C-alpha cells in the first residue's frame, strides 16, 4: 500500500537568468513505513522535488503533475488547506539547523508552537510535558533546562535533534528530510542517522530522504532512487542499486567513491559536470558524460526499463537491441583531458630524509570578546617530509585549520616552533629575510572557492597574481600566455580566461585556485578542505588533479579534510586532531587498520560503510 | 549589572563635560562679534575704550580657561548666565520655548514611528504588488521634497488659498484655547511627520522583507503556520529590537529636525533659538542649548546600545559564535 | 535501425549558449535617467537656452506671472525665472557633486582606517562617528554655517561635505572589516602582497559598489541642504543664483500670492531629487536577488 504516489511531476521556476526545469516528469511511489532515499548531486532537482511535495516552493515556481497522499491531491491544494497537513501529516527536516531555527525564540517554545498549531486547545501543562517528552525522545538530556535555551546555545547535533523533535511533534505519517546530515560532523552524523532510524521504526513513519552522500543513503535506505538533471534515472532496493547498478551514472557515482579505488593510482571519475537545468535536453541528459552512450542517447530520451519488479533504470543500454555492457570490466581510470606537461624536476635537490616542515609544540590561543581565551591548538608536533602527502583529519573545531594558518603565517602570534626548510617561521626577522622564498614556496588552497577568489577579478588575472605581486616575469613569456598555460594544466580551456569566478562552477573555481597555487612552483601546498563543498563526481576529479600534480612536481601536500575515505586514498601519513590536540599520527594504512586512540576508533566507526550488503 | 549601568552613567557624564568644553571653546574662537547680540547696532559706534569696558563687563576678556571655570561653577548651580540678546536668564528663555518644541517633536515622534510601523508592515505584506508599489513611489517622492518647500506649499494651499488653517505661530493672538492650539499644530506637525515617515517606513519594510527570506521561515511554513502568523510571530517580532534601537537613536534627529519647520511657521520653539544663538554668538544661550541637545543625543545613543546588547538574543548569539 | 544503438561514448558538444542577457534598459529607471540627463545638459548649456540674462533685474516687470516673454515669470526682483533655473541649476548641482566628493573621500579614509585598525582604535572611531551621526545633519550644517557667517559656493560645499561622511564611513568600515579576513585577501597576503597592494586591488573594488548607493543619495541630500540653507538666508547670498537662493525670496511671495516663484523652482528641485533617488534605489536593488518563500 503506497502512502504517497507522485505522477509526472514537473517543477519549473523562473530566475533572472532564465527558466529552470528543476524536475522533469518524475514518477515515484513510497509504501507505508518505507525509507526511500533520493540520491543526486547538486542541481539535479532533488531539493525542488521534496519541497514541491510539501508545497514549499516559492511563488514563482510552477508545479504540475500529481502528488497523491492521504486520499488527496496535493499539487492543487491552496495555502489554507496546506496548513492542516504541514506539520501534522507531513513534516520536513532541513539541512542547516543553525539557520532553520528562529534564533530569537527558545527551543522549547519552537517545539511547543509546532504542537499548538494543530492542537490549539491543548493545556499548557500538557504541552510542556510533551515538549520534554519529545526532547528526550531525540536524545537531549535535561530537557527542562534545555527547553529554555536558545538555538545558539546548542551544538550543531543538538540543533538538528531539535529540528527533528519539531518535525515529529505531531507524529506525522510522512517525513521529508532534505540533506539532514550534510552540515554535521561525521561522528554527529552517525548519531543523527541512528536516531532517525530508531524513530522511523518506532513510529513506522514513511520517510523520503534526499542526499548527495552515498554512504548516508547506504546506511539508512530501504529503496534508492537516483536522480540526474531533474529525472529519476534508476530506482530499486538498496541492495539492487548498490550491488548491481544498471545505469552508467549510478555505476559511475558509486565507482568514484574512494573506497573502490584504494590502492589504485587514480580515482575513477565521471568526466564533465552536472548540466545546467535551464537548457532543454535532447535525448538523454547524461549522454555528454556517458562513456557508454549510444547514438540513440543523443536523439531520444530513454524510458524506464524494468530489470526486476523493484528495479528500474532509464538507459538505452537495457534495450534488447543495445550491446551488452559489463561495467566492472571496463575500468578506464585516467581523465582524457590531462596531457603531459613539461614539469619541474621531481627532486628539488633536498635531502629526502630531512623534513620540509617541522612543527614543535605549537600552541595557539585566541582572545575572545569579553576577555575570554580559547585555545585552538594545544601542543601539536609533527613534521612533513618533502614529497609526501600528509593528511590532517579532525572534526570542526579540532584546530586543523588553525595549524595550517600558522604554518602559512596567517597567524604569527603562536607559541612553539615551526620550521620550514630550516627557516624558523616563528622568528620575525627570519620571515622578513626569506620573504621571497616563503611566498613562492608555500601556497594554500581553501575550502570555499567562492571566497578565496576575488569575484571582481578575471580568471587570467587571478591565476597570474603571484607574478604580478612580485613583478616577476613568468616562465612562458607574457602573463597572458602564462595564464593560458596554467589553466590548461589543470584541465580548463582558454575560454575561461576572461570570465569571472561567479560564472564558474564550484569545481572549476577550485581548479583555478589550484592553478594559482601551482603557478609559482611551490614546495609545500596546504589544502584546507578543498573538496568538501563539491559534488561527489567533481571531488574525484579534483583529487586526481592533486595526485597528478604532486607526482609531476614533487611538492608536499598538507591535506586537511574530514572525508576519511578520501584521506585514506590520497595520503601517505595521517594525523588525527581532536580539540586542538593531535591524538594519533602515523602511516595511513596503519592508522586505518589499527587505530589506537579512542577518538580515532570512534571516527572510523562513524563512517557509514558502503557494501553490497547491509552490515 | 550595577557595574554595567554605572559604567554607562560615567561615560555619559564624561561625554557631557567634553562636549561642553568643546562647544565653549569653539564658539568663542569663531569669527563674529558677541557684542552685537547684546548691544545691537550700537556696537559699531562704540569707541575702543567703550568696547573694552563692555567686554570686561561681560567677562569676555578673560582667558578661556577662566571663563570656562566660571561657567562650570555657575552651571552647577543651575545658573547659565544671561542671554545677551534677550537680556533674561538663559534658563528662562529656554524654558519658555522648550515645551513647544517638545510637543511638536514629541507628538511627531510618536506619530512617525507608529505610522511607519504600520506602513512598513503593509508594504511588506503586499510586497511588489500594486499597493506596495504605489506606496513606495509616493513615499519616495515625499521623502525627496525639502521640508521648507513642503511647508511653503502647505501654507500656500491651506492658509492662503483655502484659508482653512493658520499659517504661523502656536496660537492666535489673545486666544488660548486647546482647539486653537491644535489647529496651529496641524500644519507644522504634518510637515514633521511627512519629512521623516517614509525613511523609517521603508527601513521597516526592508527589514521585514529581509527576515522573511531567512531559513527559519521555511521551517515555520513546514510546521503549518499560516503566512500571517509567520509574518507577525516570527518576522516582525524578530525585527522589533532593532526597531527600538533605531527609535532611540532617532530621538535627537527628530527633535532637532523641527528647526526648519519652526522657522517657516514661526513656531516659538527652541529651534530658532539655537540658530540665533549660534549666529549671533549669544554664548550663554548657546551653551545651554548645546548641552541640552548633547545630552539627548548621547542618551539616545546609550539607550540604543543597551537595547542592542541586552535585549536582542541575536547579538548574544553572535557573541557566542565567536567562541566556537 | 541498429546503428542507433551503436556505442559512441562522449561526443563533444558545443558548450551551452551564453545566457541571454537582458537589454540594458530593462530594469533601469529609464525615465529618471533620461530626465536627469536632459536636466544636466540643460544646465551645462544654460547659456544657450537662457532667454534672458538671469542676473538682470528688470524692475519694471517684477513679479509677473508666467507668460510669453517670461516663460516662468519673474521673481520679486524682476529676474527671469526660466533663465535662473538653468543658470542656477549649475550651482546647485555643482555644490551637490563637490560636497559628495568631499564626503566620499573623508568616508573612505575614516572607514578604511577604522576597519583595518586594532579593536580599540576602531571602537573609538566608531563611537565618535555614531555620536556625530545622531546629531541631525541639517542642524549641524546650520550650526557651523551660522558660526562661519558669509558663504560662497565652495565654503558651502565644504560645510555640507564634512558633515555627511559618517554613515558612509560606517558602511565602509564594516565592509573593510569583513573583507579583511576574507580568504582571497589572505591568499593575496600569502602570495606576498603588501598592504597597499591589497587595499588597492582587492578592498577598494569591493566596497565601492556598496557605497555607490550612498554616494548617489548624498548628492540628493546635499542639494536639499544647500537649498534649505539658502532659504534660511545663511546659504548662498542672493546675488549668487541657485535653486535655493531663488527660494529664499519665496516667503514673501507667499503672502502676495505669486505662486510661480515658489512652485516652479520647487518643482524642478523636487523633480531632480526624485530622479536621483530613483537611480539610487535602482543601484541598491541590484544587490538583492533572493526570492521570498511566503
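The values are calculated or read from the model by the stated rules, or taken from the named source; none is laboratory data. Bear in mind the structure is a predicted one, so any value in this text is a computation, not a measurement. Every residue, glycine as well, gets a Cβ built from its backbone with ideal geometry; the counts of neighbours run over all protein chains shown.
For this structure, a couple of remarks:
- Neighbours by Cβ (under 6 Å, 6+ apart or cross-chain): first from segment A:471-489, surrounded by fewer than 17 Cβ atoms within 10 Å (Cβ to Cβ); second not in a loop (DSSP other than H, G, I, E, B): A:476/A:482; A:476/A:485
- Strands (runs of 3 or more DSSP E) lying entirely in segment A:142-229 (those with 2 or more residues that are closer than 13 Å to residue A:94 by Cβ and within 23 Å of the chain's Cα centre (by Cα)): A:174-178, A:206-211
- Qualifying residues in segment A:297-320 (those that are within 11 Å of chain C (Cβ to nearest Cβ) and over 20 Å from residue A:24 (Cβ atoms)) - the one surrounded by the fewest Cβ atoms within 10 Å (Cβ to Cβ): A:320
- 3 or more residues closer than 18 Å to residue A:170 by Cβ: qualifying strands (runs of 3 or more DSSP E) within segment A:33-97: A:90-93
- Segment A:280-296, residues that are surrounded by 18 or more Cβ atoms within 10 Å (Cβ to Cβ) and more than 8 Å from chain C (Cβ to nearest Cβ): A:283, A:284, A:285, A:286
- Hey, residue C:276 buried (at least 21 other Cβ atoms within 10 Å of the Cβ) and farther than 16 Å from residue C:88 by Cβ or not: yes
- Residues that are modelled with pLDDT under 80 and part of a loop (DSSP other than H, G, I, E, B), drawn from segment C:242-268: C:248, C:249, C:257, C:258
- The residue list A:525, A:487 contains one member that is under 29 Å from residue A:570 (Cα atoms) and not in a helix (DSSP H, G or I), which is A:525.
- Residue C:78 part of a loop (DSSP other than H, G, I, E, B), within 30 Å of residue A:495 (Cα to Cα) and modelled with pLDDT of 70 or more: no
- Set side by side, the residues A:434, A:388, A:422 differ, and just one is modelled with pLDDT of 85 or more and out of contact with any helix residue (DSSP H, G or I) (no Cβ under 7 Å at 6 or more places or on another chain), which is A:388.
- Any hit, segment A:97-110, residues being at the interface with chain B (Cβ under 7 Å from one of its Cβ atoms) and within 23 Å of residue A:32 (Cα to Cα): no
Yes/no matrix, rows are residues, columns are (1) closer than 26 Å to residue A:275 by Cα; (2) within 25 Å of the chain's Cα centre (by Cα); (3) without any contact (Cβ under 8 Å) to a residue 60 or more places away in the chain:
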position: A:38; (1), (2), (3): yes, yes, no
position: A:41; (1), (2), (3): yes, yes, no
position: A:49; (1), (2), (3): yes, yes, no
position: A:61; (1), (2), (3): yes, no, yes
position: A:71; (1), (2), (3): no, no, yes
position: A:77; (1), (2), (3): no, no, yes
position: A:83; (1), (2), (3): no, no, yes
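- Taking the conditions (1) closer than 30 Å to residue A:52 by Cβ; (2) surrounded by 21 or more Cβ atoms within 10 Å (Cβ to Cβ); (3) more than 10 Å from chain A (Cβ to nearest Cβ) in turn, residue B:204 satisfies each one other than (1).
- In segment A:159-181, the residues that are surrounded by fewer than 20 Cβ atoms within 10 Å (Cβ to Cβ) and without any contact (Cβ under 8 Å) to a residue 40 or more places away in the chain: A:171
- Restricting attention to segment B:222-264, the residues that are more than 14 Å from chain A (Cβ to nearest Cβ) and either part of a helix (DSSP H, G or I) or without any contact (Cβ under 8 Å) to a residue 12 or more places away in the chain (or both) total 19.
- Every residue from segment A:182-201 that is within 17 Å of residue A:140 (Cα to Cα) and either at pLDDT below 90 or crowded, with 17+ Cβ neighbours inside 10 Å (or both): A:184, A:187, A:188, A:189, A:190, A:191, A:192, A:193, A:195, A:196, A:199
- Residue check for residue C:115: in contact (Cβ under 8 Å) with a residue 24 or more places away in the chain, buried (at least 17 other Cβ atoms within 10 Å of the Cβ) and over 15 Å from residue C:223 (Cα atoms): yes
A quick yes/no check of all residues on (1) in a helix (DSSP H, G or I); (2) closer than 30 Å to residue A:452 by Cβ; (3) modelled with pLDDT under 80; (4) over 25 Å from the mean Cα position of the chain (by Cα):
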| site | (1), (2), (3), (4) |
| --- | --- |
| C:166 | yes, no, no, no |
| C:186 | yes, yes, yes, yes |
| C:189 | yes, yes, yes, yes |
| C:203 | yes, yes, yes, no |
| C:214 | yes, yes, no, no |
| C:222 | yes, no, no, no |
| C:230 | yes, no, no, no |
| C:270 | yes, no, no, no |
| C:273 | yes, no, no, no |
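- Out of A:456, A:476, sole residue that is facing chain C (nearest Cβ under 9 Å) and assigned to a loop (DSSP other than H, G, I, E, B): A:456
- Selection from segment B:112-128 of residues that are over 14 Å from the mean Cα position of the chain (by Cα) and in a helix (DSSP H, G or I): B:114, B:115, B:116, B:117, B:118, B:119, B:120, B:121, B:122, B:123, B:124, B:125
Rundown of residues vs (1) in a helix (DSSP H, G or I); (2) in contact with a strand residue (DSSP E or B) (Cβ under 9 Å, 6 or more places away or on another chain); (3) buried (at least 19 other Cβ atoms within 10 Å of the Cβ); (4) within 11 Å of another protein chain (Cβ to nearest Cβ), yes/no style:
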site: B:137; (1), (2), (3), (4): yes, no, no, yes
site: B:142; (1), (2), (3), (4): yes, no, no, yes
site: B:150; (1), (2), (3), (4): yes, no, yes, yes
site: B:157; (1), (2), (3), (4): yes, no, no, yes
site: B:160; (1), (2), (3), (4): yes, no, no, yes
site: B:197; (1), (2), (3), (4): yes, no, yes, no
site: B:211; (1), (2), (3), (4): yes, no, yes, yes
site: B:220; (1), (2), (3), (4): yes, no, yes, yes
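- Matching residues, segment A:580-594, being part of a loop (DSSP other than H, G, I, E, B) and surrounded by 14 or more Cβ atoms within 10 Å (Cβ to Cβ): A:580
- Subset of segment A:399-449 (residues that are surrounded by fewer than 16 Cβ atoms within 10 Å (Cβ to Cβ) and part of a helix (DSSP H, G or I)): A:428, A:429, A:432, A:433, A:435, A:436, A:437
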